[in-house]
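Below is one structure; the comments refer to it alone.
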Amino acid sequence: MSSGTTTVAPALRRLYFVRFGFALVWAGLLFTSASKLGPVSVALLVLYPLFDVVAAVIDLRSSQDAKPAPGLYVNIAISAIAGLGLVFAAASGIPAVLRVWGAWAIVSGLVQLAVGIGRRGLGGQWAMIASGAISALAGTSFILQATQPDASLVNLAGYAALGGLFFLVSAIRLRR
């Protein structure tokens, strides 16, 4: 294990635990407000990708000793665009939100998949790899759901909760 790996793993572990907690709290709050697009649900929808930006910046800073994953820069840009896109999509209704969220989930999922593959040596990355692949599939599902007359935000809460569980597994499985 390189010295970069020994400094990155503890920082990633802490970050993954925070992401787990955030995802669960966020999912619970969205679940209680997901029936309509109101101020609380819109704020939550915009907050999630912005939190992802902050987490990616923290990840980049913590991996400066090692070779930082270039996908993190892509993730920062994609998540920032998604946050802005969700502000505008919310004005058009739930289907528009699902389309923006779905596109973000696909692209960020593929980036997460690539970053996880690149970090295999740290251990615990199989959960990040699986989460990235599932995110891409879920994103497609959200886009398809947007075409349905009963489109709902509830599935986004489940998506976040599942993603949080993957972060928990990765935090636990990272090499010490």
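The values are calculated or read from the model by the stated rules, or taken from the named source; none is laboratory data. The structure presented is a predicted model; accordingly, all values stated were derived computationally and were not measured. As a convention, Cβ positions derive from the backbone with ideal geometry for all residues, glycine included, and neighbour counts pool all protein chains shown. Remember, those area values only see protein heavy atoms, side chains included, never the ligands or the DNA or RNA. Shrake-Rupley method; radii C 1.70, N 1.55, O 1.52, S 1.80 Å.
The figures follow:
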{"quantity": "Which listed residue, of GLN112, GLN145, is modelled with pLDDT of 95 or more and open to solvent by 10 Å² or more (accessible area, probe 1.4 Å)", "calculated": "GLN145"}
{"quantity": "Number of positions in region 21-54 that are open to solvent by 30 Å² or more (accessible area, probe 1.4 Å) and among the polar types (S, T, N, Q)", "calculated": "2"}
{"quantity": "Cβ pairs under 7 Å, 6+ apart, first in region 148-176 and in a loop (DSSP other than H, G, I, E, B) and small (Gly, Ala, Ser), second surrounded by 17 or more Cβ atoms within 10 Å (Cβ to Cβ) and modelled with pLDDT under 90", "calculated": "SER152/ALA34"}
{"quantity": "Qualifying residue in region 150-157 (condition: at pLDDT below 90 and at positive phi)", "calculated": "no"}
{"quantity": "The one condition in (1) touching a residue at least 24 places away in the same chain (Cβ under 8 Å); (2) among the aliphatic types (A, V, I, L, M); (3) in contact with a helix residue (DSSP H, G or I) (Cβ under 6 Å, 6 or more places away or on another chain) that ILE94 fails to fulfil", "calculated": "(3)"}
{"quantity": "Test result for ALA105, aliphatic (A, V, I, L, M), without any contact (Cβ under 8 Å) to a residue 40 or more places away in the chain and either open to solvent by less than 20 Å² (accessible area, probe 1.4 Å) or touching a strand residue (DSSP E or B) at 6+ places or on another chain (Cβ under 7 Å) (or both)", "calculated": "no"}
{"quantity": "Candidate set: region 36-82, residues that are over 22 Å from ALA11 (Cα atoms) and over 14 Å from the mean Cα position of the chain (by Cα); chosen: the one modelled with the lowest pLDDT", "calculated": "LYS36"}
